[in-house]
């Protein structure tokens, strides 16, 4: 279920000195944008979040903005499309992905939601598929800020051969309007991540599997995961195997998006330190692995291991020494079987008109997103991401019904 504390996000705002303050707030649960207007001059979005949470599950779906007092009392709500700050993002054609043979393509309409896990991530099934009850993770984007992450993660993951220690890629997902790219699905592995489920007895063989798959990613495919952590590792209980997933920060070694400070050797060492000690104080300084390599690792009393800590550390030390002394991959092309994929597609040029000093000026620009109300005014069809509140949130005691006389609707 979507974490309550992470439910809202403000990608932009309009703050006038002395007030008012307007924050454009995304609700990940309903996948909608609501602007929150307050009369004060506020440089933080926190009050907007606090006040919007009181109303968000009871706002009609066509409300785009609310005006509240400093105490959060509702002054008015606007259903005028002119107040709609929702953006429609560029979606590339499916051909631009150059999908490898054997990768399926499904429509977003073919997916049935089971749960909302986090921003841009749902648990789904595909009832029309050959395995209608198979649970999948649907990762998508409807904001420009997530476009490049989804593109590169999808492009990389689908090109990895099936591996016993990598969560399988499932399908490319396209929209139901033009068949353009919106995201992808991967196989859901039950049981929780190592960060979520800490009741397991961690096995030494799982460490060996983690080291082997990281070696393969780095040295064979020329790819760095760059986010090796307990939250991105699961255990497949059917095969008793460790599996890594979430290639959101991954990159081809030595190319755009790659950072040596996030190399996977350091990531593995920090991961094992956190599993054994349950001490995550060093997560923000992961690049300085010397902080933990030279100290004793005190096993947390609740942690279960199938071998002594000394054996885990000996295996880890031998591997890290071999990696540091062995062949170094400066560029992904130096790997034995490097992965590559197409660059991030760019949108076509669009004419934009501005009025400057009473004269119209025209420019041709590459636009990655557009205001929804502008597209609708032109009669264009837009992809609708908005959905009703989840049942869990509807049960919150904080919700307030919205009086109809508070809602300002445009006159016909």
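The values are calculated or read from the model by the stated rules, or taken from the named source; none is laboratory data. Treat the numbers as computed from the prediction; the structure is a model and nothing was measured. FYI the Cβ positions are ideal-geometry reconstructions off the backbone, even for glycines, and counts take in every protein chain you see.
Looking only at the stretch 368-387, decide whether some residue is touching a strand residue (DSSP E or B) at 6+ places or on another chain (Cβ under 8 Å), exposed (fewer than 15 other Cβ atoms within 10 Å of the Cβ) and modelled with pLDDT under 90. Among the residues of the stretch 368-387, not one is touching a strand residue (DSSP E or B) at 6+ places or on another chain (Cβ under 8 Å), exposed (fewer than 15 other Cβ atoms within 10 Å of the Cβ) and modelled with pLDDT under 90, which makes the answer no. Filtered by the rule that a residue be surrounded by 16 or more Cβ atoms within 10 Å (Cβ to Cβ) and either touching a strand residue (DSSP E or B) at 6+ places or on another chain (Cβ under 6 Å) or assigned to a loop (DSSP other than H, G, I, E, B) (or both), the stretch 201-212 gives 202, 203, 206, 209, 210. Between 29, 57, 41, which is in contact with a strand residue (DSSP E or B) (Cβ under 7 Å, 6 or more places away or on another chain) and either in contact (Cβ under 8 Å) with a residue 60 or more places away in the chain or in a strand (DSSP E or B) (or both)? Residue meeting the stated conditions: 29. Taking the numbered list (1) at pLDDT below 95; (2) assigned to a helix (DSSP H, G or I) in turn, residue 50 passes all entries but (1).
Restricting the stretch 2-26 to residues that are part of a loop (DSSP other than H, G, I, E, B) and touching a strand residue (DSSP E or B) at 6+ places or on another chain (Cβ under 9 Å), the residue that is nearest to residue 143 (Cα to Cα) is 7.
Counting only residues that are surrounded by fewer than 21 Cβ atoms within 10 Å (Cβ to Cβ) and closer than 23 Å to residue 87 by Cβ, the stretch 8-20 holds 9 of them.
Looking at this structure, is residue 374 more than 30 Å from residue 180 (Cα to Cα) and not assigned by TED's automatic domain parsing to the domain that holds residue 223? No. For the stretch 300-310, a residue qualifies if it is over 32 Å from the mean Cα position of the chain (by Cα) and not in a helix (DSSP H, G or I), and the qualifying residues are 301, 306, 307, 308. Based on what the data block shows, is residue 299 touching a strand residue (DSSP E or B) at 6+ places or on another chain (Cβ under 9 Å), farther than 22 Å from residue 64 by Cβ and surrounded by fewer than 12 Cβ atoms within 10 Å (Cβ to Cβ)? Answer is no for this residue.
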